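Report on one structure; see the data block that follows.
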Amino acid sequence: MSHSGPVFPAPNRFTQPLFDILKRHPKRIVFPVGEDARILRVAEKMVELEIGIPILLGDRKRIHALAKANEIGMELVRVIDPVKSSDFPLFCERLERIEKYKGNQGTDVVEMLSNPHYFAAMMLQYGHADGYVGGNQNPPSGVFRPLLHLIKPDENVPHVFSSTVLVSENLRHFGHDGLLFLSDTNMNIDPNVEELASIATATGQLARHILGRRVRVALLSHSTMGSSGGPSVQKVQAATALAREKTSALELEIDGEIQADVALDASAAEVKLPDQERKNAADVLVFPSLDAAHISMKLLTHVGGAQPYGQLILGLTRPAAQIPRTASEEMILGTVAAVGVEAIKYREIHQE
């Protein structure tokens, strides 16, 4: 294996357990845009760690030339040019049936599937890949639109949303063990009560699956237990009650409406809620709006120095993630691992 390019840091408290799981259950991860040196390095690292089979979409000659120019190994890395793929005619037939069923007349299925993001989504939906990681060279809409169009939605989640995982070794009160799941960080501008409740329960279940233990979910507000008022507070109160109804107390601990310091700092919680038993810091933070979630995520990452992974797209029956165009190799690799471990859960829940 080549060791050129950026050195991947040692696995952390989030990525190491995921790597350990995937070594026993490796998954096939498709990257819609494979002509990217970062993706090639991640693919090489996946093979080296034995955590999965990377599937890169794009022009085979250009991808292999890029790998050679950067001294990146391509052993066990699959490269597929969608239009030249043996699956392309089959996918076109399937998509034509889907479009007719949806009542979409005149869709050019050949043109649509020539877009690698749509081809990758078809691979994911029909079991040719276990997970999808895209966005390294595209705006978020270029990732979300094909997935929403082609991947069957999860009937238990009323609206697709995204979650970002943050890891910090040195920030104070940073979750129970230096990990935080933040939702919804990219999709729903102003989620209603039902959407907020499902965001809380679905993220909590994801965190429980990845962390392997019972987790605490905090629905955040500028108010703690009625200390302030307003429509936003009432929404979070109602969403908290609904989330508790939706889930077993054994699976998730749901708290709300509470302020961020009460969710994360036991000493602040003791002052503001003196009659409540002392609790571990929350593992999942659910925000009342996209503005609050996205701003918090960016501040924790760019000012606080937390390492982000994701965004993991939840509410679909297949695991996928949208990474930003600025993503580092470390972020992409950790996101791949999270999607791979998610695929294990999805295989258990959604039996074919």
Complete set of residues in the stretch 20-37 that are crowded, with 19+ Cβ neighbours inside 10 Å and in a helix (DSSP H, G or I): LEU22
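May I ask you to say which residue of LEU56, LEU49 is in contact with a strand residue (DSSP E or B) (Cβ under 8 Å, 6 or more places away or on another chain), assigned by TED's automatic domain parsing to the domain that holds GLY127 and either at negative phi or not charged (D, E, K, R) (or both)? Give the derivation first.
Working: LEU49 fails: in contact with a strand residue (DSSP E or B) (Cβ under 8 Å, 6 or more places away or on another chain).
Result: LEU56 is the single residue among LEU56, LEU49 that is in contact with a strand residue (DSSP E or B) (Cβ under 8 Å, 6 or more places away or on another chain), assigned by TED's automatic domain parsing to the domain that holds GLY127 and either at negative phi or not charged (D, E, K, R) (or both).
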Restricting to the stretch 325-352, and then to whatever is surrounded by 17 or more Cβ atoms within 10 Å (Cβ to Cβ) and out of contact with any helix residue (DSSP H, G or I) (no Cβ under 8 Å at 6 or more places or on another chain), can you tell me which residue is modelled with the lowest pLDDT? TYR346
Restricting to strands (runs of 3 or more DSSP E) lying wholly in the stretch 280-352: which have 2 or more residues that are not assigned by TED's automatic domain parsing to the domain that holds LYS27? 284-286, 307-314
Sole miss for LEU285 among (1) aliphatic (A, V, I, L, M); (2) more than 25 Å from the chain's Cα centre (by Cα); (3) crowded, with 23+ Cβ neighbours inside 10 Å is condition (2)
For residues that are more than 19 Å from ALA338 (Cβ to Cβ) and touching a helix residue (DSSP H, G or I) at 6+ places or on another chain (Cβ under 6 Å), scanning just the stretch 117-141, find the one that is surrounded by the fewest Cβ atoms within 10 Å (Cβ to Cβ). GLN125
Given (1) touching a strand residue (DSSP E or B) at 6+ places or on another chain (Cβ under 7 Å); (2) not assigned by TED's automatic domain parsing to the domain that holds ASP130, number of the condition ALA268 does not satisfy: (1)
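Select the helices (runs of 4 or more DSSP H) contained entirely in the stretch 69-145, then report the ones holding at least 2 residues which are over 21 Å from GLY315 (Cα atoms).
Values: elements: 88-102, 109-114, 116-125.
Because the criterion is at least 2 residues that are over 21 Å from GLY315 (Cα atoms), the helices (runs of 4 or more DSSP H) in the stretch 69-145 that meet it are 88-102, 109-114.
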Give all pairs with beta carbons closer than 6 Å in which a residue from the stretch 303-327 that is in contact (Cβ under 8 Å) with a residue 40 or more places away in the chain meets a residue that is part of a loop (DSSP other than H, G, I, E, B) and of a type in the set (Ser, Thr, Tyr); count only pairs at least 6 apart in sequence or on separate chains. ALA306/SER168; GLN311/THR185
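Considering ALA282, ALA292, ALA321, which residue is modelled with pLDDT of 95 or more and within 25 Å of GLY131 (Cα to Cα)? Spell out the reasoning first.
On the way: ALA282 fails: within 25 Å of GLY131 (Cα to Cα); ALA292 fails: within 25 Å of GLY131 (Cα to Cα).
Result: ALA321 is the single residue among ALA282, ALA292, ALA321 that is modelled with pLDDT of 95 or more and within 25 Å of GLY131 (Cα to Cα).
The values are calculated or read from the model by the stated rules, or taken from the named source; none is laboratory data. Predicted model only: the values in this text are computed from it and were never measured. Backbone-built Cβ (ideal geometry, glycine too); neighbour counts: all protein chains shown.
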